[in-house]
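Structure record follows, encoded as structure tokens.
The values are calculated or read from the model by the stated rules, or taken from the named source; none is laboratory data. What you see is a predicted model, and the numbers here were worked out from it, not measured in a lab. Note that we place each Cβ from the backbone using ideal geometry, even for glycine, and neighbour counts take in every protein chain shown. These area figures cover heavy atoms from the full protein model, side chains too; ligands, DNA and RNA do not enter into them. Shrake-Rupley method; radii C 1.70, N 1.55, O 1.52, S 1.80 Å.
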Amino acid sequence: MFRNYLKIAWRNLMRHKGYSAINIAGLTVGIAACLLIYIVVQYETSFNKQNKNYRNIYHIVTQSVQGNDVSYTPGITVPAVPALRTDLPEATIAAMDVSYGSQITIPAGSGHADKKFIEHSGVVFIEPQYFDLFDSEWIAGNKAVLAEPNMVVIDKSTAIKYFGDWQHAEGKFLKMDNLIDLKIAGVIEDVVSNSDFPFKVLVSYVTLKNYPNNYNYSDEWGSNSSNHQVMLLMPPGESIESVNARLKVFSKKHYTFDIRGTFNFLQPLSDLHFDTRFGNTTGDHITSKATLFTLSFIGVLIIIMASINFINLTTAQSVGRSKEVGIRKVLGSSRKQLVFQLLGETTMIVVTSGFLALIVAKLALPYLENISSVPKTMGLLSAGSVLFLISTLISVVVLSGIYPALILSGFKPVLAIKNKITAASIGGVPLRRGLVVAQFAISQLLIIGTLVALNQMNFVNSADLGFNSSAVLVIPGYTDSLSLQKMGQFKQQQLQKPQVKSVSFISDAPSSDNNWASNFYFDQAPDDVDFTVFLKAGDADYFKTFGLQFVAGGGYAPSDTINQMVVNETLIKKLGIKNPKAALGKTLRIGGRGVWAPIVGVVKDFKTNSLREEVKPIIIAPGKRVLSLAAIKIQTGSLTQTVAEIQKLWEKTYPEYAYNGYFVDERIAQFYKQENQLALIYKLFAGVAIFISCLGLYGLVSFMAVQRTKEVGIRKVLGASVGSIVYLFSKEFLILLSISFLIAMPIGWYMMNGWLQSFVYRIDLGAGVFLAAILLSVFIAGLTFGYKAITTALVNPIKSLRSE
Amino acid sequence: MLSLQHLSKYYQAGGNKTFVLNDLSLDVDEGEFVSIMGPSGSGKSTLLNIIGLLDEPSEGYHYFAGEAVHLLKEKQRSAMSRGYMGYVFQAYHLIDELTVYENIETPLIYQNIKGSERKALVADILDRFNIVGKKDLFPSQLSGGQQQLVGIARALIAKPKLLLADEPTGNLNSKQGDEIMELFLKLNREDGVTIIQVTHSEKNAEYGNRIINLLDGKIESSRVLNHQ
């Protein structure tokens, strides 16, 4: 019996090649898209789960409330570490200080000169207790070595990168940031890619104490850097609420002075990868739950669309199969047997699509890294993905197979064998219309999503940042005394090149994802101001290099220490000063130990961070000690050559350092990597959705054309024009399209308005986007069924009526 | 073996009942070959469908092989039709996607007969009907007469007690029609198959041993023929 069904199913597929191809193509694309989405979602949700203490590890984070300002940082102050050990004795506490870019030098040895490596991530000062929290496999050495200063543990592939093999790495020396000599005391296995702790160079934490100035290491309770973070392991059974209550007491006890409303609380490890309040903490990236939800939602929509296609085409086609069903019933088939047979056919189509989808997904997998953080090496098949595929196939069979099977098997045999079953008599017309509306609505929703996301990203990419970010090359350097000495000489030499317009040593570009914050005092007042100020340091050429505009006063004179300051409009507004000129001459003091210095200029507001964030109150001040970046404004044209020359000179000036320059505008574009990816995802899946719904629409119109051949023939004999017949076909679809638009519009508005809220600077969600969406879908639908409608209308009526 | 008593079939259209069959009674014994005649709309096909358990009467009593069919449930009726009935149609109604062999085999599949036994039965009937050479062809590759031959083979494969034929020669030329009728006669005489056929042709009707004339849903006349 089963073989018989398979045979019939196969021959039916072959006989209706067109419909089968439409069904299989739609399902293949839908299933492949879902499978890829599953891989992304599954990858993102698998982060950190490989640690056996996953449930009991927490990240201690800091919340600062100042007036209406609530700010979060993943960092915690240095003196908090021993204090926490005292106040939470049952917890295992591991402090670390993450470097967001370090140079590692392998000293010259037998047969090679100094080898210099820039490590943008994975370098960390860390306490040995870290290994009590996180699982790690030691190939050489053990965690105890990290209790000693000037010790370093590296991972296997870094060892291979530095020394050619890992077996001989132990006991060798390396130099960090041309400053710290480190002895390799251990080698660990590489950390898996789905970890937010991808450390590869782990320096003993106690080393940090000897270099407080170079790594912002301060034993003040008032100084908090986001680099300095603490992880903690609680014994099982301890509730997060009770620990948070104790941390509240702890915070009250210690943060007593100038910084107000600062609290520490626990962020569970299971939230760390999804918590956008803290930005990127220690890992490569974080992903918001909303993004994952949107992605999963799109996946479900796509599968629903593919199933709808299937239902529509199969029910429509069922008229043609009524005779077979009738005969089978007469020959003794029960309804159950028929349902099984028809479901068997569905299964065959779905399984075929499943296999094709695997091939499509396999081909698409390497491109997945363009829209997600899934590494290129990720495999397609895993227990999870196979299970997902199977359950998807089963649900598609059920979703799309049951209804047509019930319809078909319910035919009365006497009517069926006499071909008295017509499209109208099988019913379900409202259902089919409903399904078409759902399909249109889904594609319009995705079109709206695409248009809004693209518009916003376009707005973001071309937004006026308030300064000139183009053709400014930034080269990270270091702040050791030797490097600082060479500053002047380097600047003079660069400026001799005609293409170099300006050179400035800075701590931070005007727009960056850094936040260097402090409390501050204003106008000789004894108490600090009740909001936090953000700091950027630069020499006197900072304003010229970035083209900042002054609304009052001007830049400061060259100085190695903070003796004059420039502020932005936001700062003086927050201080309650209306006229910028009135701010000139007033004094400011940064932090409790700083010196008073007068304001000499007020700059026009520029975007201090990404467009997701408000413009922050900013102080720009000189202060040679922290100027670790060289910013060089270059004349546009012959950029590449100029950059090469600059690099040559830089390497000559700082032979012990590796060159690592980048353009400011490129770095700014990096802020929006996730949003750009999301826009791309919308674009991609809107494309998929449009493709699937076009397939379905085309199939449905072809079917309608066959069904209405006789009607068209009669109408033509009666004198109908081609145009009026095309209108006959289009009318219904236009109505359905309009209904679906009424559904898609509010949902799309709600969804995309929510997304836009994550930007402080955003486009207006006007009628234009929605108008464009409906015009686009009418246009696409018209293209799809226009051809078929016209060819049907052109058929000679003698031909179509004769067959009756 | 078959007894219909006061059987009616009507459709409710507005307030009026339109009768297709009107208080009809009929008995058919095992081994009979009955021809049903009558003008279009007289209820021939409806009667045949009711006898074949493909349709239900609106009123009346229906006994078949000792069972009160009018009391049976849908499932039981369908089980009964599977065991006892064979159908031959004017338009053959072969399944286009199946070969001759597979078409004939299908009823056996629905009766859950084992593969090896099915093979033997189908081979036997192909042989008997002289269509072994056509077994791998599809219906569209056969002439009308050949298709009807396959249709009859398919109707007989499960050894039905009753063969029902709705204008079996209606789509055939007279020579093919005669051959089919000869085959019916042979089946009836030699194999003892009970046959009820609906026909328009007086000539074909006379192959049977009883001719029933229907008019407006009633039996107008019934005539027993004596073939030697």
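Please count how many residues of region A:298-336 are within 14 Å of chain B (Cβ to nearest Cβ), open to solvent by less than 10 Å² (accessible area, probe 1.4 Å) and in a helix (DSSP H, G or I).
Adding up the residues that qualify gives 6.
Is it the case that B:Arg189 is more than 14 Å from every other protein chain (Cβ to nearest Cβ), under 23 Å from B:Glu30 (Cα atoms) and part of a helix (DSSP H, G or I)?
Details: more than 14 Å from every other protein chain (Cβ to nearest Cβ): yes; under 23 Å from B:Glu30 (Cα atoms): yes; part of a helix (DSSP H, G or I): yes.
Yes.
Which one of these is open to solvent by 50 Å² or more (accessible area, probe 1.4 Å) and either under 49 Å from the mean Cα position of the chain (by Cα) or at pLDDT 80 or above (or both): A:Phe691, A:Phe685, A:Phe729?
Numbers: A:Phe685 fails: open to solvent by 50 Å² or more (accessible area, probe 1.4 Å); A:Phe729 fails: open to solvent by 50 Å² or more (accessible area, probe 1.4 Å).
Unique residue meeting the criteria: A:Phe691.
Say we look at region A:9-33 and pick out the residues that are open to solvent by less than 20 Å² (accessible area, probe 1.4 Å), under 25 Å from A:Ile690 (Cβ atoms) and of a type outside the set (A, V, I, L, M, F, W, C); which of these is nearest to the other protein chains (Cβ to nearest Cβ)?
Once the filter is applied, the top-ranked residue is A:Ser20.
If a residue must be under 22 Å from A:Ser462 (Cβ atoms) and open to solvent by less than 40 Å² (accessible area, probe 1.4 Å), how many such residues does region A:754-786 contain?
Qualifying residue count for the region: 6.
When region B:104-142 is examined, which residues are found to be within 21 Å of the chain's Cα centre (by Cα) and either at pLDDT below 90 or within 9 Å of chain A (Cβ to nearest Cβ) (or both)?
The answer is B:Glu105, B:Thr106, B:Pro107, B:Leu108, B:Ile109, B:Tyr110, B:Gln111, B:Arg128, B:Phe129.
Looking only at region A:124-138, decide whether some residue is β-branched (Val, Ile, Thr), touching a residue at least 24 places away in the same chain (Cβ under 8 Å) and in the same structural domain as A:Asn227 (by TED's automatic domain parsing).
Of all residues in region A:124-138, those β-branched (Val, Ile, Thr) come to A:124, A:126.
Among the residues that remain, those that are also touching a residue at least 24 places away in the same chain (Cβ under 8 Å) are: A:124, A:126.
In the following step, the residues that additionally are in the same structural domain as A:Asn227 (by TED's automatic domain parsing) were identified as A:124, A:126.
Scanning region A:124-138 turns up at least one residue that is β-branched (Val, Ile, Thr), touching a residue at least 24 places away in the same chain (Cβ under 8 Å) and in the same structural domain as A:Asn227 (by TED's automatic domain parsing).
Tell me, which residue of region A:173-207 that is modelled with pLDDT under 90 and over 16 Å from A:Gly122 (Cα atoms) is surrounded by the fewest Cβ atoms within 10 Å (Cβ to Cβ)?
If we take residues in region A:173-207 being modelled with pLDDT under 90 and over 16 Å from A:Gly122 (Cα atoms), then A:Leu179 is surrounded by the fewest Cβ atoms within 10 Å (Cβ to Cβ).
So which residues in region A:334-389 are among the polar types (S, T, N, Q) and closer than 15 Å to A:Val40 by Cα? It would help to see each step written out before you state the result.
Filtering region A:334-389 down to residues among the polar types (S, T, N, Q) leaves A:334, A:337, A:341, A:346-347, A:352-353, A:370, A:372-373, A:377, A:382, A:385.
Correct list: A:Asn370, A:Ser372, A:Ser373, A:Thr377, A:Ser382, A:Ser385.
Yes/no per residue for (1) among the hydrophobic types (A, V, I, L, M, F, W, C); (2) part of a helix (DSSP H, G or I); (3) open to solvent by less than 20 Å² (accessible area, probe 1.4 Å):
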site	(1), (2), (3)
A:Lys7	no, yes, no
A:Leu35	yes, yes, yes
A:Phe47	yes, no, yes
A:Lys52	no, no, no
A:Tyr72	no, no, no
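Check A:Thr86, A:Thr77 and return the single one that is polar (S, T, N, Q) and surrounded by fewer than 21 Cβ atoms within 10 Å (Cβ to Cβ). Step through it out loud before you land on a result.
Working: A:Thr77 fails: surrounded by fewer than 21 Cβ atoms within 10 Å (Cβ to Cβ).
Result of the check over A:Thr86, A:Thr77: A:Thr86.
Only residues that are touching a Ser or Thr at 6+ places or on another chain (Cβ under 8 Å) and aliphatic (A, V, I, L, M): list them for region A:136-167, please.
A:Val145, A:Leu146, A:Ala147, A:Met151, A:Val152
Would you call A:Leu272 touching an Asp or Glu at 6+ places or on another chain (Cβ under 7 Å) and either of a type outside the set (A, V, I, L, M) or more than 14 Å from chain B (Cβ to nearest Cβ) (or both)?
Against the criterion (touching an Asp or Glu at 6+ places or on another chain (Cβ under 7 Å) and either of a type outside the set (A, V, I, L, M) or more than 14 Å from chain B (Cβ to nearest Cβ) (or both)), A:Leu272 qualifies.
Does A:Ala631 fit the bill of being outside the structural domain of A:Gly18 (by TED's automatic domain parsing), in a strand (DSSP E or B) and either under 30 Å from A:Ser372 (Cβ atoms) or open to solvent by less than 30 Å² (accessible area, probe 1.4 Å) (or both)? Walk me through it before giving the result.
Working: outside the structural domain of A:Gly18 (by TED's automatic domain parsing): yes; in a strand (DSSP E or B): yes; either under 30 Å from A:Ser372 (Cβ atoms) or open to solvent by less than 30 Å² (accessible area, probe 1.4 Å) (or both): yes.
Yes, satisfied.
Has region B:25-44 got at least one residue that is more than 24 Å from B:Ser221 (Cβ to Cβ), under 16 Å from the mean Cα position of the chain (by Cα) and within 14 Å of chain A (Cβ to nearest Cβ)? Write out each step before concluding.
Quick first cut of region B:25-44, residues more than 24 Å from B:Ser221 (Cβ to Cβ) only: none.
So far as region B:25-44 goes, no, none of its residues is more than 24 Å from B:Ser221 (Cβ to Cβ), under 16 Å from the mean Cα position of the chain (by Cα) and within 14 Å of chain A (Cβ to nearest Cβ).
Please go through region A:659-682 and give me each residue that is assigned to a loop (DSSP other than H, G, I, E, B) and either polar (S, T, N, Q) or surrounded by fewer than 18 Cβ atoms within 10 Å (Cβ to Cβ) (or both), ordered by number. Full working, then the answer.
Filtering region A:659-682 down to residues assigned to a loop (DSSP other than H, G, I, E, B) leaves A:659-661, A:671-672.
A:Tyr659, A:Asn660, A:Gly661, listed by residue number.
Please go through region B:57-97 and pick out each residue that is within 10 Å of another protein chain (Cβ to nearest Cβ), part of a loop (DSSP other than H, G, I, E, B) and farther than 19 Å from B:Gly145 by Cβ.
Once the filter is applied, which keeps residues that are within 10 Å of another protein chain (Cβ to nearest Cβ), part of a loop (DSSP other than H, G, I, E, B) and farther than 19 Å from B:Gly145 by Cβ, region B:57-97 yields only B:Glu97.
State whether the residues of region A:372-381 include one that is charged (D, E, K, R) and modelled with pLDDT of 85 or more.
Just the residues of region A:372-381 that are charged (D, E, K, R), to begin with: A:376.
Then keep just the ones that are modelled with pLDDT of 85 or more; that gives none.
No, there is no match, as no residue in region A:372-381 is charged (D, E, K, R) and modelled with pLDDT of 85 or more.
Can you pull out the residues in region B:80-99 that are within 24 Å of B:Asn188 (Cα to Cα) and not aromatic (Phe, Trp, Tyr)? Break it down into steps so the answer makes sense when it comes.
So in region B:80-99, the residues within 24 Å of B:Asn188 (Cα to Cα) come out as B:80-94.
Hits for region B:80-99 are B:Met80, B:Ser81, B:Arg82, B:Gly83, B:Met85, B:Gly86, B:Val88, B:Gln90, B:Ala91, B:His93, B:Leu94.
In region A:337-354, is there at least one residue being away from chain B (no Cβ under 14 Å), in a helix (DSSP H, G or I), open to solvent by 50 Å² or more (accessible area, probe 1.4 Å) and free of Cβ contacts under 8 Å to residues at least 60 places away in the same chain?
Yes: one or more hits.
Scanning region A:468-509 for residues that are in contact with a Ser or Thr (Cβ under 6 Å, 6 or more places away or on another chain) and in a strand (DSSP E or B), which turns out surrounded by the fewest Cβ atoms within 10 Å (Cβ to Cβ)?
A:Ser502
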